[in-house]
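In what follows, a single structure is set out as structure tokens and then discussed.
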Amino acid sequence: MFLKLALRNIAAYKKRTIVTLLLTTITTGLLVFSTAWMDGSHQTMIKNAVEIYPGHIQITGKDFREKPSFDNLIFEAAIIQEKLSQIDGINYFASRFESFVLFSADEKAVGGMLTGIEPEQEKYLSRLASSLLKGEYLTQGDTNQVYIGHEFAKRLKIDLGDEVAFVGNGADYSFAADNLTVKGIFQTGLYGFDAGSAFIAKKYFDQIMAAENYATHFIVLPKRTEKAEELAVEISRVIGPDYQSASWNQIMADLVKAMQLDSLFGYITLGVIFIVIFFVIMIYTLLTVFARIHEIGILRAIGTTPQQILAMLLLESSLLALISVIIGGLIGGYFAYYFQLNPIVFSGYEEQFKQYGLAVSAMPTAFAPLVIFRDMLVMFVLSVLSTLYPIIKINQYRPVEAMRHV
């Protein structure tokens, strides 16, 4: 009986029904899309930061992370390689050696990071190879060929085939210098990285930097990236106490905390907005319910109890809220899915994005059905709660008072 009455009332009060549906539908759609946009931008930043170069797991000397000096290198890289090859959960791994040096071309001199990499393995561990902008990627047998960031090349005013000199310290603190020829230029999308990084084949790097069998760190790609933290613990157990194994969320703890803090402020902002919307719905419901006081008085006069009135009106609001959040969730979910496949491009805002370490201005949303369902549930609960006070208020009228109300 209550369901029939609720449906009749929803159909009878068309204006109230349409306004309530529109208000809750738009609000739900905006909440779903806003959450997808915020999560998508954060996931993109973290994913880029991890996959472009740092990797999912890093292995270093025990004290290297706290004191990154040549005194705390991995001095037995071959032993680490042997131990890593025995762990089942690892897909690929490779050693690197990073050294800060001074680059110069003509009259221009710029400090940057020169890194020796294993080019063939690096293809699977980072996006260096796939980020090739022009020229060629490195090969294992390259000698004085350098693979340099696009922004770094611009700073040095060099291009393919040009020579760039560097000076720095070898792994034994000896003086190291060489002339390198630009073989390839890459652009990853991380502005700071592209503006200060250059790479050469590690075999040649070891010769000129006296780094044979040395490494600053190893990079490991798990077979299941979501299990990176557990695999890092397993690697630590295998390689022993003289080395550290850390997953990406430990390596990039500052970035993770920054994203979490930004998400927190984002949800606080959304919370304030939806508190305002909650009271808007409540006030509108209060006005529409009070317009039905005479009707409620008649129902009370013919024997309908306050509990039955409460159940009927709550059923009405629940049906309207359910229809609204489903429509709003579908609309918001559609846009979240569409813009995940077709990222939003902020053309003309490249300089602002560079301040956040990004050289690209395309941001996808995150289409996550469980998150969408959570947002729909939140809006459903808020919509029903916003009608509770007006319904309780009208139920306090005595039948005679309600029937005489104009």
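Points worth noting:
- The set of residues from the range 143-164 being loosely packed, with under 15 Cβ neighbours inside 10 Å and part of a strand (DSSP E or B) comprises just one member, GLU163.
- Residue identified as of a type outside the set (A, V, I, L, M, F, W, C), over 30 Å from ALA258 (Cα atoms) and modelled with pLDDT of 65 or more among THR365, THR387: THR387
- Looking across the range 75-87 at every residue that is touching a residue at least 12 places away in the same chain (Cβ under 8 Å) and over 30 Å from SER174 (Cα atoms), the one that is surrounded by the most Cβ atoms within 10 Å (Cβ to Cβ) is identified as LEU84.
- Comparison of ILE235, ILE268 shows that the only residue that is over 24 Å from GLU76 (Cβ atoms) and either outside the structural domain of ILE46 (by TED's automatic domain parsing) or assigned to a helix (DSSP H, G or I) (or both) is ILE268.
- Close contacts from the range 206-235, counting a first residue that is of a type in the set (Asp, Glu) and a second that is not in a loop (DSSP other than H, G, I, E, B), with Cβ to Cβ under 6 Å and a gap of 6+ residues or different chains, come to GLU212/ASP206; GLU229/SER247.
- Identity of the residue in the range 120-129, touching a strand residue (DSSP E or B) at 6+ places or on another chain (Cβ under 8 Å) and not acidic (Asp, Glu), that ends up surrounded by the most Cβ atoms within 10 Å (Cβ to Cβ): LEU125
- The range 130-142, subset more than 17 Å from GLY196 (Cα to Cα) and not polar (S, T, N, Q), residue surrounded by the fewest Cβ atoms within 10 Å (Cβ to Cβ): GLY141
- Pair list, Cβ under 8 Å, 6 or more apart: the range 328-342 residue under 14 Å from ASP39 (Cβ atoms), other residue modelled with pLDDT of 90 or more and not in a helix (DSSP H, G or I): none
- Summed over the range 193-213, residues that are within 34 Å of the chain's Cα centre (by Cα), crowded, with 22+ Cβ neighbours inside 10 Å and outside any helix (DSSP H, G or I) total 5.
- Considering the range 151-188, the residues that are in contact with a Gly (Cβ under 7 Å, 6 or more places away or on another chain) and under 30 Å from ASP71 (Cβ atoms) include one that is modelled with the highest pLDDT, namely PHE152.
- Residue list for the range 166-192, filter: part of a strand (DSSP E or B) and hydroxyl-bearing (Ser, Thr, Tyr): THR181
- From LYS183, LYS227, residue being assigned by TED's automatic domain parsing to the domain that holds LEU128 and within 30 Å of ILE87 (Cβ to Cβ): LYS227
- Checked across the range 324-331, the condition of being surrounded by fewer than 18 Cβ atoms within 10 Å (Cβ to Cβ), at pLDDT below 90 and not small (Gly, Ala, Ser) holds for no residue.
- The residues on offer are PRO399, PRO343, and the sole one that is of a type outside the set (A, V, I, L, M, F, W, C), under 22 Å from THR44 (Cβ atoms), modelled with pLDDT under 85 and surrounded by 15 or more Cβ atoms within 10 Å (Cβ to Cβ) is PRO343.
- Qualifying residue in the range 60-74 (condition: among the β-branched types (Val, Ile, Thr), surrounded by fewer than 19 Cβ atoms within 10 Å (Cβ to Cβ) and under 28 Å from VAL233 (Cα atoms)): no
- Boolean, VAL101 is in the same structural domain as ARG224 (by TED's automatic domain parsing), in contact with a helix residue (DSSP H, G or I) (Cβ under 8 Å, 6 or more places away or on another chain) and assigned to a strand (DSSP E or B): no
- All conditions but one from (1) outside the structural domain of VAL101 (by TED's automatic domain parsing); (2) closer than 28 Å to ASP63 by Cα apply to ALA246; the one that does not is (1).
The values are calculated or read from the model by the stated rules, or taken from the named source; none is laboratory data. Fair warning: this is a prediction, and the values are worked out from it, not measured in the lab. Cβ sites come from the backbone with ideal geometry, for glycine too, and all protein chains shown count toward neighbours.
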